[in-house]
Amino acid sequence: MTFFEHCDLDQRFTLSKSSWTPRGQYALVFDFDQRRAIKLYMNEDTSDEDVVFKIMAKFVDSGAIRSDSVWIQVSPDGNELIDQGSEVEEDYTMIPCYWTRDQFPPALPSVRRSDLVELDRLGLQVDRVAYDIPEGHTKEATFKYLVYENNIGAFWEEVNCIIGMHARGTHPNIVSFDRLVTETVKGVEKIVGFTTDFIPGGTLDDSKTRLFKLKYLHQLIEVIDFLNLELGVVHGDVLSWNLLIDERTDNILLFDFNSAFPLGEKPEISDVDLVVVAMFDVITRSLGDVFDGESPYEIDGVQLLAADLWEKDPEVNLDADVSEFLRVLKAWVERRKAAEEDPETEEVARNPVEWPEIPDPPLVDCSGVMEPRESEMRQRLIMAGQPYMAWQRPSSHDLSLPENKGKVLLATGEFV
Ligand SMILES: Nc1ncnc2c1ncn2[C@@H]1O[C@H](COP(=O)(O)OP(=O)(O)O)[C@@H](O)[C@H]1O
Ligand SMILES: [Mg+2]
């Protein structure tokens, strides 16, 4: 079962635009499962995400939408698929203007996207993949890629933060960078994503009964101090869904630098507070209930530690008393908070990782005028007879169809 078969519909789909044309009211929807944009026409208000996403899921997963369709028309009650088409003028797919290989450090290893085989879909723009390495071996990796145009800026920050940390060497509690992923378009090598080592076993969020050891907390504290105070990186999302336990080494591992930023840039977000929240989540499994509707990024760690709420969930397994976890956490939080507030010991990273600002976007032909753009319309490339990066793939639902059995799905979206 892939991520898309059990996630919420508003995770799988994004409504990027709701507008009106002579054909009627439409919603432009991006499906992260199929990696494809579809215009949904219905003679009704198309701004309600719940309604739109339910309709999309129904028609995508029943196989009613042809793979080349760029729009569908449904009845006003959403029950019937009335029409669909693939006219290029109706194609509102956007393609990011990928960075070129020479915008990244030359020594980094790389792998071509067409050499990656999709094994599983782990999240939005994140797959588990495999590729061949010398001596007849294959390597499993996590492939994090850029396909959705609104993620361009965040993706630049993430990949460059990871590359910058990688240049400092590996850390036993940080998931390692593996390779850049490339694709050549019109003779130019582009960067479409990167791989990291794949760690089997799932995140801390995935399993509440797996033993959580006090040593993992010690490791987490150590790696956060190293990240913040040595490398000058704030992870910004240290929560149970971004922590793994590597069963081979019995280490806790931090991953997902999608929200990372240089120390000092966003004083309102602190990894120290987030570690307290993550431990509260791991021990009590009541984060969602206690802080219903509240953002975990705004919870004050000191207050939470002082609160009388740390009751272990009966199914959670720890190798020490909750009081021992709290003692370790409190001592650390006090030390870090005191350092933060003392102007004498103001937190400055010893050896900060620095990464380049996002490059100026390339010039793109916009109705005959060249303008700087981060992404471009696929229809223009098609009309101009130019090649483009294709990402569309079958929906998770279609992977198990009899005609697809025994085939291999490449990271390009192609079945072979
Ligand atoms: N290196 C890895 N090993 C194992 N699973 C991973 C790894 N990286 C990501 N995952 C899985 O993929 C999911 C999405 O990856 P993540 O980097 O957290 O992306 P996002 O930025 O969308 O949160 C994670 O929640 C986790 O289940
Ligand atoms: Mg994540």
ask   = Out of the residues in region 367-385 that are in contact (Cβ under 8 Å) with a residue 12 or more places away in the chain and out of contact with any helix residue (DSSP H, G or I) (no Cβ under 8 Å at 6 or more places or on another chain), which is surrounded by the fewest Cβ atoms within 10 Å (Cβ to Cβ)?
value = 384
query = Given (1) out of contact with any strand residue (DSSP E or B) (no Cβ under 7 Å at 6 or more places or on another chain); (2) aliphatic (A, V, I, L, M); (3) under 18 Å from residue 179 (Cβ atoms), where does residue 133 come up short, assuming only one miss?
reply = (1)
task = Please find, among 289, 246, 273, the residue that is more than 19 Å from the chain's Cα centre (by Cα) and within 16 Å of ligand 1 (Cβ to nearest atom).
result = 246
query = Identify, please: which residue in region 367-385 is assigned to a loop (DSSP other than H, G, I, E, B) and modelled with pLDDT of 95 or more and is, among those, farthest from residue 146 (Cα to Cα)?
reply = 385
remark   = From the option list 85, 63, 78, single residue qualifying as in the same structural domain as residue 19 (by TED's automatic domain parsing), farther than 20 Å from residue 147 by Cα and in contact (Cβ under 8 Å) with a residue 40 or more places away in the chain is 63
task = Quick one: in region 209-227, of everything that is of a type in the set (Lys, Arg) and outside any helix (DSSP H, G or I), which residue is farthest from ligand 2 (Cβ to nearest atom)?
result = 213
request  = Give the residues of region 317-351 that are outside any helix (DSSP H, G or I) and either modelled with pLDDT under 95 or among the β-branched types (Val, Ile, Thr) (or both), sorted by residue number.
outcome  = 342, 346, 347, 348, 349, 350, 351
request  = Would you be able to tell me the number of residues in region 103-114 that are in contact (Cβ under 8 Å) with a residue 40 or more places away in the chain and either surrounded by fewer than 18 Cβ atoms within 10 Å (Cβ to Cβ) or within 16 Å of ligand 2 (Cβ to nearest atom) (or both)?
outcome  = 7
Filter pass, residue 199 being modelled with pLDDT of 95 or more, closer than 11 Å to residue 173 by Cβ and among the aliphatic types (A, V, I, L, M) = no
note = Considering region 127-159, residues that are more than 16 Å from ligand 2 (Cβ to nearest atom) and of a type in the set (A, V, I, L, M, F, W, C), and then whichever is surrounded by the fewest Cβ atoms within 10 Å (Cβ to Cβ), we arrive at 133
Qualifying residue in region 342-359 (condition: acidic (Asp, Glu) and surrounded by 14 or more Cβ atoms within 10 Å (Cβ to Cβ)) = yes
request  = Spot the failing condition for residue 295; the list is (1) surrounded by fewer than 21 Cβ atoms within 10 Å (Cβ to Cβ); (2) away from ligand 2 (no atom under 16 Å from the Cβ), and only one is missed.
outcome  = (2)
message = Can you find a residue that is of a type in the set (Ser, Thr, Tyr), in a loop (DSSP other than H, G, I, E, B) and in the same structural domain as residue 115 (by TED's automatic domain parsing) anywhere in region 137-150?
response = yes
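Yes or no, residue by residue, for (1) more than 16 Å from ligand 2 (Cβ to nearest atom); (2) assigned by TED's automatic domain parsing to the domain that holds residue 104; (3) assigned to a strand (DSSP E or B):
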position	(1), (2), (3)
161	no, yes, no
171	yes, yes, no
229	yes, no, no
249	yes, no, no
note = For residue 209, the lone unmet condition from (1) in contact (Cβ under 8 Å) with a residue 40 or more places away in the chain; (2) within 14 Å of ligand 1 (Cβ to nearest atom); (3) exposed (fewer than 14 other Cβ atoms within 10 Å of the Cβ) is (2)
ask   = In region 243-273, how many are within 19 Å of residue 316 (Cβ to Cβ) and either crowded, with 20+ Cβ neighbours inside 10 Å or in contact with a His (Cβ under 9 Å, 6 or more places away or on another chain) (or both)?
value = 4
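The values are calculated or read from the model by the stated rules, or taken from the named source; none is laboratory data. Since the structure is predicted, the reported quantities are computational estimates derived from the model, not experimental observations. Glycine also receives a Cβ, built like all others from the backbone with ideal geometry; neighbour counts cover every protein chain displayed.
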